[in-house]
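Undergrad: The structure is given below, and queries will be raised subsequently.
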């Protein structure tokens, strides 16, 4: 103890020296561990780079083919094949010319086009929902102020829907249930049933494709006519999908044929389940206000029979209209002279 007391300072310095040596050793070992870990990561990255650029190594695989005149020729040939395909596809994809409509004139053009469609449907005895149908344009009917950039896609959609609807009417479908398109205007309520939420337009190397969905009721003959007409329609029209189910008259979305209108293919005078033809007098049944004697049933009396028992179908068609990229509708800047009325419509 006396020795320690006499050499206290030396002992303290000795302890501090030993601690410094131990700290230095630990620091050195830690740096060596970090350096070894860094070296290992560098080696791993180097091996991965070698595997990608030269093949083999840790990643496996074969070495890339060096650029030779043969494979360069193959690449050039494939490029020419693709360009030739795109060129021929552009020749195949044609589009009907769209009418040029200014924002000021669209408020007049829209209801006129819808009224023409409804008149054509009425003349062909094709029914449609009575409330707010307007072939998916009800929210825009009556509007007078339109955002200019929305006019080109609206004109395009109206033209497409009018063309497809005319084909369906001419094919003698029984009824329209729903027409759906893509919403393009802020004035159109998002999520409304007339707007598509699961389909969107898309663009490829050749054209821009716009989808539509039509839900109609018809017999098989009308469906066949419609598909043939759509396949031969002007422009590039593709029936993407088709769903066919028997129509349930008790379903929530529906409605019957117009009163007194029999399905296609009905032979006058025949008896059909649930169908009464106007102006046809059955045995023992007189016209309103006219008393007719009940004829006696003899062996010569023709027996009523079912000639055709075809059921109405509920058909859902997804139709895509393609337009070449060079023929996409563009915004129209109306040129109006001072004091002149708004620009009209031209083809």
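Read-outs: derived from the displayed coordinates by stated rules, not from any lab. Owing to the predicted nature of the structure, the values given are computational and were not obtained by experimental measurement. Cβ atoms come from the backbone with ideal geometry, glycine included; neighbour counts cover every protein chain shown.
Undergrad: Going by average Cβ neighbours within 10 Å, how do the peptides 120-128, 84-92 rank, with the highest at the top?
TA: 120-128, 84-92
Undergrad: If every alpha-carbon in the stretch 132-246 counts as one equal scatterer, what log10 I(q)/I(0) does Debye give at q = 0.21, 0.23 1/Å?
TA: -1.32, -1.49
Undergrad: For the stretch 79-189, what are Rg and Dmax over the alpha carbons, in angstrom?
TA: When restricted to Cα atoms, the stretch 79-189 yields Rg and Dmax of 17.0, 55 Å.
Undergrad: Roughly speaking, what is the stretch gain from residue 143 to residue 123, that is 0.36 nm per residue apart minus the C-alpha to C-alpha distance, in nm to one decimal?
TA: Difference between extended and current length: 4.5 nm.
Undergrad: Length gain on complete extension for the stretch residue 112 to residue 198, per 0.36 nm per residue less the alpha carbon to alpha carbon distance?
TA: In short, 28.0 nm is gained.
Undergrad: Using a 10 Å cut-off on Cβ atoms, rank the peptides 212-224, 142-154 from the highest mean neighbour count down.
TA: 212-224, 142-154
Undergrad: Kindly provide log₁₀ I(q)/I(0) values, in the same order as q = 0.35 Å⁻¹, from the Debye equation applied to equal alpha-carbon scatterers of the stretch 78-118.
TA: The Cα Debye sum returns log10 ratios of -1.06.
Undergrad: When the gyration tensor of the stretch 184-230 is built from Cα positions, what are the square roots of 5 times its three eigenvalues, in whole Å, from largest to smallest? Numbers along the way, then the final one.
TA: Details: eigenvalues 141, 71, 11 Å².
Semi-axes (√(5λ), whole Å): 27, 19, 7.
Undergrad: Taking the Cβ of each residue in 225, 118 as the centre, tally the other Cβ atoms inside 10 Å and list the residues starting with the fewest. Each step should come with its number before you reach the end.
TA: Details: 225 19, 118 16.
Exposure proxy ranking, most exposed first: 118, 225.
Undergrad: Moving on. Express in whole angstrom the spacing between the alpha-carbon centres of the stretch 83-113 and the stretch 199-240.
TA: When both Cα centres are located, 16 Å separates them.
Undergrad: Just subtract the alpha-carbon distance of residue 205 and residue 187 from 0.36 nm times their residue separation and send over the number in nm, one decimal. Spell out each step's value before the answer.
TA: Details: separation 18, 0.36 × 18 = 6.48 nm, distance 3.14 nm.
Extra length available between residue 205 and residue 187 comes to 3.3 nm.
Undergrad: Evaluate E = 1/(1 + (r/R0)^6) for residue 85 and residue 40, where r is the Cβ-Cβ distance and R0 equals 51 Å; express this FRET efficiency to the nearest 0.05. Show your work: numbers first, answer last.
TA: On the way: r = 50 Å, r/R0 = 0.99.
Working from the Cβ atoms, E equals 0.50.
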